[in-house]
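The values are calculated or read from the model by the stated rules, or taken from the named source; none is laboratory data. What you see is a predicted model; the values in this text were computed from it and never measured. We place every Cβ from the backbone using ideal geometry, glycine too, and count neighbours over all the protein chains shown.
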């Protein structure tokens, strides 16, 4: 298949499923955050910033850097698109937490859209690693 192009990180079905589970969990967290509608105050405002906000910024910064590195070292287009969506999601979370909702309210929606997109691409990657796809449509499908 042309879009597969090889994998350097998500090289087997087990890794693809682990990545997909992470995407689904973070999507659920992002949707919960969107529904809860707790405005992010930001770290650049004149008010005092809670310790939790600083910790969240640190987590988002670390995750964004790791996902960016995974995007850089990934080989195939499908894998690059997947890590690109995840990187944009984490970086928009970082920018929203740092700048606050007044400056970057769209970050909340960008996170959800990027994670939904990552889940869709993750499902495709799992499908590309499925035994039926690798061996042909007539091959019997066995467990994970």
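Do we have any residue at all in region 105-126 that's surrounded by fewer than 18 Cβ atoms within 10 Å (Cβ to Cβ) and modelled with pLDDT under 85?
Within region 105-126, one or more residues are surrounded by fewer than 18 Cβ atoms within 10 Å (Cβ to Cβ) and modelled with pLDDT under 85.
Can you tell me which of 25, 35 is at pLDDT 90 or above, assigned to a helix (DSSP H, G or I) and surrounded by fewer than 15 Cβ atoms within 10 Å (Cβ to Cβ)?
Details: 35 fails: at pLDDT 90 or above.
Testing whether each residue is at pLDDT 90 or above, assigned to a helix (DSSP H, G or I) and surrounded by fewer than 15 Cβ atoms within 10 Å (Cβ to Cβ) leaves just 25.
Is it true that residue 76 is buried (at least 18 other Cβ atoms within 10 Å of the Cβ) and at pLDDT below 95? Give the derivation first.
Values: buried (at least 18 other Cβ atoms within 10 Å of the Cβ): yes; at pLDDT below 95: yes.
Spelling it out, residue 76 is indeed buried (at least 18 other Cβ atoms within 10 Å of the Cβ) and at pLDDT below 95.
If we keep just the residues of region 43-67 that are in contact (Cβ under 8 Å) with a residue 24 or more places away in the chain and assigned to a loop (DSSP other than H, G, I, E, B), which is surrounded by the fewest Cβ atoms within 10 Å (Cβ to Cβ)?
Residue satisfying both the conditions and the ranking: 44.
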